[in-house]
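A short write-up of the structure that comes next.
Each value in this text was obtained by applying a stated rule to the coordinates, not by laboratory testing. Remember, it's a predicted structure, so these values are computed and weren't measured experimentally. Every residue, glycine among them, receives a Cβ derived from its backbone with ideal geometry; neighbour counts consider all protein chains shown.
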Amino acid sequence: SIASADMDSNQLEAFLTAQTKKQGGITSDQAAVIAKFWKNHRTQIHESLVNQSRWDRVLKNMNWRVDLKAQLRHIDQINTPVAIVEMELGKNGQ
């Protein structure tokens with residue numbers, strides 16, 4: 001089992017207590033060290049898990065606009081709206 005970065009303190013304590021009671025589980029000293037580390041680094045642990053679960057590329061920027069055609073060869077196509085979307089992709093952390 002793995003502790004979740006979204007656990008509150010009570011859930012973490014219950015999780016670690018259960019791990020100490022399992023055959024071949026952790027000791028109470030190990031549980032205390034894990035709890036202290038988790039409490040001190042909860043935000044970084046959460047960010048790391050999110051980064052590992054995302055696709056390789058991320059959306060860095062997006063622009064869009066709607067244009068109306070004013071001049072065309074066929075009159076029935078004038079004033080037809082056209083949407084233009086520009087997306088900038090980048091690698092995680094770049």
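I'd like the full set of residues that are assigned to a loop (DSSP other than H, G, I, E, B) and among the small types (Gly, Ala, Ser), limited to the stretch 24-59.
Pass one, the stretch 24-59, residues assigned to a loop (DSSP other than H, G, I, E, B): 24-27, 54-56.
Those that are assigned to a loop (DSSP other than H, G, I, E, B) and among the small types (Gly, Ala, Ser): 24, 25.
Could you list all residues from the stretch 37-91 that are under 17 Å from the mean Cα position of the chain (by Cα), of a type in the set (Gly, Ala, Ser) and either surrounded by 10 or more Cβ atoms within 10 Å (Cβ to Cβ) or farther than 30 Å from residue 16 by Cα (or both)?
48, 90 - these are the residues of the stretch 37-91 that are under 17 Å from the mean Cα position of the chain (by Cα), of a type in the set (Gly, Ala, Ser) and either surrounded by 10 or more Cβ atoms within 10 Å (Cβ to Cβ) or farther than 30 Å from residue 16 by Cα (or both).
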